[in-house]
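Data block below; observations after.
The values are calculated or read from the model by the stated rules, or taken from the named source; none is laboratory data. These numbers come from a predicted model, not from an experiment. Methodologically, a virtual Cβ is constructed for each residue, glycine included, from the backbone with ideal geometry; neighbour enumeration extends over all protein chains shown. Calculation scope for accessible area: heavy atoms of the full protein, side chains included, ligands and nucleic acids excluded. Shrake-Rupley method; radii C 1.70, N 1.55, O 1.52, S 1.80 Å.
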Amino acid sequence: MTQIRLTTPLSDEDVEKLRIGQRVSLNGTIYTGRDAAHKRLVELIQQGKELPFNPDGQVIYYVGPSPAKPGAVIGSAGPTTSYRMDSYAPELYKLGLKASIGKGRRSEGVINALKQNKGVYFAAVGGAAALISRSIKSCKVIAYPDLGAEAIHELVVEDFPVIVVNDTLGGDLYDEGIKIYAAK
Amino acid sequence: MVATIQQGGGTKIKTVNTTAITEAVARMSQEANFYLGQDVLEGFQKALDQEISITGKEILQQLIENAGIARDELVPMCQDTGYAVIFVELGQDVRIEGGDFYEAIHEGVRRGYTEGYLRKSIVSHPLERKNTGDNTPAVIHTKIVPGETLRITIAPKGGGAENMSAIKMLKPADGVEGVRKFIVDTVKTAGPNPCPPIVVGVGIGGTFEKCAQLSKEALLREFGVKSKYPDIAKLEDELLEEINKLGIGPQGLGGRTTALAVHIEIYAAHIASLPVAVNINCHAARHKETVL
């Protein structure tokens, strides 16, 4: 299947042309964040304070990697389930976040935020964590080291494989998949 | 570390030192996360042959490749190296010496997760949520059995699939159809979230907590081994077929491989109750066992 190659930061035009089911190969810098980091980010937004990174044009990967073995860039690093970030994600899309990467369904609130702010949601293959790590070329903690695996890491990725699950038009690949493959 | 002595009365008592327990748990914590069971790998292969979705096939291939990388490089197959759930079958003729039995298990988890570069995923207080830093404590289930062996099984359990599990106290009048509907609905609601293809562990009967525990024990069963009760074995087959018709597929992106196996454990129930628990496991169906 053909792949669309994208390099971060992403523009509105980059994401507007994406449609559910398309394979995307991501390149450049992305940021990690899961439950605890999102809670802190949204608290900062509510207090009108500066975030550890500017989300405008950026991509957040919902992951808590396992520790790197000596000599390795990162441990295993597959996606975590995204719905736990649903209450926080719209705030970040409002600030210009262009994409999040995770696994599993998003809420209506997130799907609307994608439409309103020109954003997308990508899935990576959950549990293919050792394989996915091969596309991560560098990793450093930029905020909240006290959170351990949940700290915000800045990753540089090359040909990081994702699939478009929710696009800027409100499409949902999970719904489409079931429509095609459910047996009567 | 393990010795057998004959007592005056003729009963053989085996002595197991806690050091041996700690070492076994530390080793198994790592092995369970690095080596996916042969039965699961064969399950992937079988699913790959039968899957009709191209994306589904690609995902199954990636999971096989991923298991190979984990095995060869001794890295965890999934970054979520789980809550360390430990099942102990303690022979009644075994004597533990050398310290606190449960602490020996926690120490094994602490050591295994640290030395194996496994993720520390446990917070000490569910509301304060501060990470314990060493993946302890473990959740330990102990059963006393006849004999002189100590069997320890570790089943690291990922949070994503655990979160999609459910329990319901049905009415006896709901019967097998009520049970079937609750199981299928739970899988349907979980959809793509628990990393399908999943393993569905089911408990039917017992009390509220017994039922939940049965559903977890069901996940330890090797693929291909059916319930010893013919009606339940038949229900397992029917449910697997029904679940795989849902169309959820690998990673929920559509396909015919939603579950690799359905395992059901049952227990006697109260005249008023029909409890059903569904414990969902992701495709990383990890467990390791040692007999001391």
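Assorted remarks:
- Residues in region A:100-126 that are within 14 Å of another protein chain (Cβ to nearest Cβ), in a loop (DSSP other than H, G, I, E, B) and open to solvent by 10 Å² or more (accessible area, probe 1.4 Å): A:R105, A:R106, A:S107, A:V125.
- For A:G96, the conditions (1) closer than 14 Å to A:G64 by Cβ; (2) part of a loop (DSSP other than H, G, I, E, B) are fulfilled apart from (1).
- For the criterion of being within 28 Å of B:L118 (Cβ to Cβ), in contact (Cβ under 8 Å) with a residue 12 or more places away in the chain, assigned to a strand (DSSP E or B) and not basic (K, R), A:I74 fails.
- Tally, over region B:244-272, of residues that are closer than 23 Å to A:P79 by Cβ and surrounded by 23 or more Cβ atoms within 10 Å (Cβ to Cβ): 12
- Total residues in region A:63-73, condition more than 7 Å from chain B (Cβ to nearest Cβ) and buried (at least 24 other Cβ atoms within 10 Å of the Cβ): 0
- Any hit, region B:213-233, residues being within 14 Å of chain A (Cβ to nearest Cβ) and open to solvent by 10 Å² or more (accessible area, probe 1.4 Å): no
- Looking across B:I140, B:I144, B:I122, B:I105, one residue alone is farther than 18 Å from B:D80 by Cβ, β-branched (V, I, T), buried (at least 19 other Cβ atoms within 10 Å of the Cβ) and in contact (Cβ under 8 Å) with a residue 24 or more places away in the chain. It is B:I105.
- Scanning region B:32-51 for residues that are open to solvent by less than 50 Å² (accessible area, probe 1.4 Å) and either within 20 Å of the chain's Cα centre (by Cα) or on the phi > 0 side of the Ramachandran plot (or both) turns up B:A32, B:N33, B:F34, B:L36, B:G37, B:D39, B:V40, B:L41, B:G43, B:F44.
- Residue within region A:98-109 that is more than 30 Å from B:E73 (Cβ to Cβ) and in contact with a Lys or Arg (Cβ under 9 Å, 6 or more places away or on another chain) present: yes
- Filtered residue count, region A:136-170, keeping only those that are open to solvent by less than 20 Å² (accessible area, probe 1.4 Å), away from chain B (no Cβ under 12 Å) and among the small types (G, A, S): 1
- Scan of region B:52-85 for residues that are crowded, with 24+ Cβ neighbours inside 10 Å, outside any helix (DSSP H, G or I), in contact (Cβ under 8 Å) with a residue 60 or more places away in the chain and not hydrophobic (A, V, I, L, M, F, W, C), ordered by number: B:D80, B:T81, B:G82
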